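Visitor: Structure provided below as structure tokens; questions to follow.
The values are calculated or read from the model by the stated rules, or taken from the named source; none is laboratory data. Note that the structure is predicted; figures quoted are calculated from it, not measured. Neighbour counts run over all protein chains shown; Cβ positions are idealised from the backbone, glycine included.
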Amino acid sequence: MADENAPTATPEPLVRVVGLKKHFPLRSGFFSRRTAFVRAVDGVSLDIGASETVGLVGESGCGKSTFGRAILRLIEPTAGTVHFDGRDVVALGARELRRFRRHMQIIFQDPYSSLNPRMKVKDIVGEPVRIHGLASGRRAVDDEVVALLEKVGLGSSAMTRYPHEFSGGQRQRIGVARALAARPRFIVADEPLSALDVSIQAQIVNLLKDLQEELGLAYLFIAHDLKIVEYLSRRVAVMYLGKVVELASSQDLYKDPLHPYTRALLSAVPVPSPGAKRARILLAGDVPSPIRPPPGCSFHPRCSIAEKGLCDKEAPALRPISTGHVVACHKA
């Protein structure tokens, strides 16, 4: 029987985000009146093709994780649209969303807090299988769980154990298995490596890459480590203070970054060649408050090439510089 909530086949992009905003209200006083907004995500548009990995990078607090969760409606967007394979996710009712959500899953950042410590692995991974009716009967669910655990490099012996009995890397593999259990087509990987040792990070990266090739998954890969993003992603978006300031193919972005913020981020990436050096670009000051972002270009207070009367007055729009390469900068 066909799933009436399954997305229908349409041309790329698989995911289309247009003008997505998430503003968190700040309240104060006896009556908890709304006094201001935290503009965590402030009008982001992004396309993600089927079987494509798009990297999303930026400093802590720039809105990357909020953007990823708003796409999945784990938090409700303030404005904007999210179309998945032609269907507007934001417009779905609660019942429709629950059925539809299996096509879009998430791998959380912290493998220590994202797994229920009171549940055995077979229940953690098997829960999406049962909820979405992907297997009927206890034995069929257990068989599905065993197959998923083996797919992520864990054996069937893991089924009856609890999360605290595993290392960080093993826990993240369980998190990956849980995301795969719903048989999704799109996964938000929300900094899945930041809590892991470097040696374990490489294993998880290769696992994600192998799973993408095997299952045809699309990823939004959120990370701090620009070298890993370069390795995994076909395109990379750079986010600053709730907005995308540059988007290009991985090759173009790393070879010829156009936005001064992108250049500063890339200048901090270690050079693998012995003896090679890269000029480090140090940014002045801290990231401005998303409650009261600066007028004009939000990056201008920290930018060494900002032009007074232009950059501090007029906000630059994302504009194409070459095929597939867009940037929000008056001076690019």
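Visitor: Give the number of residues within segment 58-103 that are in contact with a His (Cβ under 7 Å, 6 or more places away or on another chain) and farther than 18 Å from Gly43 by Cβ.
Guide: 2
Visitor: Being part of a strand (DSSP E or B) and either among the basic types (Lys, Arg) or crowded, with 17+ Cβ neighbours inside 10 Å (or both) is the filter here, so list the residues in segment 9-37 that pass it.
Guide: Matches in segment 9-37: Val15, Arg16, Val17, Leu20, Lys21, Lys22, His23, Arg27, Arg33, Arg34, Phe37.
Visitor: Just the residues that are farther than 16 Å from Gly169 by Cα and among the small types (Gly, Ala, Ser), please, taken from segment 113-131.
Guide: Residue satisfying the conditions is Gly126 alone.
Visitor: Is there any pair linking a residue in segment 44-69 that is within 21 Å of Pro293 (Cβ to Cβ) and small (Gly, Ala, Ser) to one that is at pLDDT below 95 and assigned to a helix (DSSP H, G or I), with Cβ under 8 Å and at least six apart or on different chains, and which?
Guide: Short answer, once both residue conditions are applied: Gly58/Leu265.
Visitor: So Val229 clears everything in (1) within 19 Å of the chain's Cα centre (by Cα); (2) surrounded by fewer than 19 Cβ atoms within 10 Å (Cβ to Cβ) except one condition, right? Which one?
Guide: So Val229 meets the others, but not (2).
Visitor: Okay, next question. For segment 319-331, give me each residue that is in a loop (DSSP other than H, G, I, E, B) and surrounded by 15 or more Cβ atoms within 10 Å (Cβ to Cβ).
Guide: Ala328, Cys329, His330, Lys331
Visitor: Follow-up. Criterion first (closer than 24 Å to Leu253 by Cα and touching a Phe, Trp or Tyr at 6+ places or on another chain (Cβ under 7 Å)) does Glu230 satisfy it?
Guide: Here the answer is yes, as Glu230 does meet what is asked.
Visitor: Oh, and also: I'd like the full set of residues that are in a helix (DSSP H, G or I) and either under 24 Å from Pro320 (Cα atoms) or hydroxyl-bearing (Ser, Thr, Tyr) (or both), limited to segment 207-237.
Guide: Of everything in segment 207-237, those that are in a helix (DSSP H, G or I) and either under 24 Å from Pro320 (Cα atoms) or hydroxyl-bearing (Ser, Thr, Tyr) (or both) turn out to be Leu226, Val229, Glu230, Tyr231, Leu232.
Visitor: I would also like to ask the following. Quick one: what pairs do we get from segment 184-213, first residue over 16 Å from Glu230 (Cα atoms), second among the acidic types (Asp, Glu), C-beta under 6 Å, 6+ apart or different chains?
Guide: If the second residue must be among the acidic types (Asp, Glu), the pairs left are Ala195/Asp110.
Visitor: Please find, among Val125, Val44, the residue that is under 30 Å from Ala268 (Cβ atoms), hydrophobic (A, V, I, L, M, F, W, C) and at pLDDT 95 or above.
Guide: Val44
Visitor: Conditions first: (1) surrounded by fewer than 19 Cβ atoms within 10 Å (Cβ to Cβ); (2) touching a strand residue (DSSP E or B) at 6+ places or on another chain (Cβ under 9 Å); (3) more than 25 Å from Asp85 (Cβ to Cβ). Asp197 passes all but one, so which condition is the exception?
Guide: All conditions are met except number (2).
Visitor: Here is a further query. I'd like the residue in segment 285-332 that is under 26 Å from the mean Cα position of the chain (by Cα) and of a type in the set (Gly, Ala, Ser) and, out of all such residues, is farthest from Lys21 (Cα to Cα).
Guide: So the residue we want is Ser322.
Visitor: Quick check, is Val38 touching a His at 6+ places or on another chain (Cβ under 9 Å) and without any contact (Cβ under 8 Å) to a residue 24 or more places away in the chain?
Guide: Taking the combined requirement at face value, the residue does not satisfy it.
Visitor: Let me ask another. Arg102 fails exactly one of the following numbered conditions: (1) within 27 Å of Ser233 (Cα to Cα); (2) touching a Pro at 6+ places or on another chain (Cβ under 9 Å); (3) modelled with pLDDT of 95 or more. What is the number of that condition?
Guide: Going through (1) within 27 Å of Ser233 (Cα to Cα); (2) touching a Pro at 6+ places or on another chain (Cβ under 9 Å); (3) modelled with pLDDT of 95 or more one by one, Arg102 breaks only (3).
Visitor: For segment 279-306, enumerate the residues that are among the charged types (D, E, K, R) and exposed (fewer than 15 other Cβ atoms within 10 Å of the Cβ).
Guide: Arg280, Asp286, Arg292
Visitor: Inspect segment 268-277 for any residue being assigned to a loop (DSSP other than H, G, I, E, B) and under 26 Å from Val38 (Cβ atoms) and give the result as yes or no.
Guide: no
Visitor: OK, next. Would you mind finding the one in Arg99, Arg130 that is over 23 Å from Gly68 (Cα atoms), of a type in the set (Lys, Arg) and part of a helix (DSSP H, G or I)?
Guide: Arg130
Visitor: While we're looking at this one, here's another question. Which of the residues belonging to segment 63-99 are of a type in the set (Lys, Arg) and modelled with pLDDT under 95?
Guide: Arg87, Arg95, Arg98, Arg99
Visitor: Can we say Ser60 is within 30 Å of His259 (Cα to Cα), at pLDDT below 95 and among the polar types (S, T, N, Q)?
Guide: Taking the combined requirement at face value, the residue satisfies it.
Visitor: Output yes when any residue across segment 154-168 is under 21 Å from Ile222 (Cβ atoms) and buried (at least 19 other Cβ atoms within 10 Å of the Cβ), and no when none is.
Guide: no
Visitor: Of all the residues that make up segment 165-212, how many are at positive phi and not basic (Lys, Arg)?
Guide: So the answer is 1.
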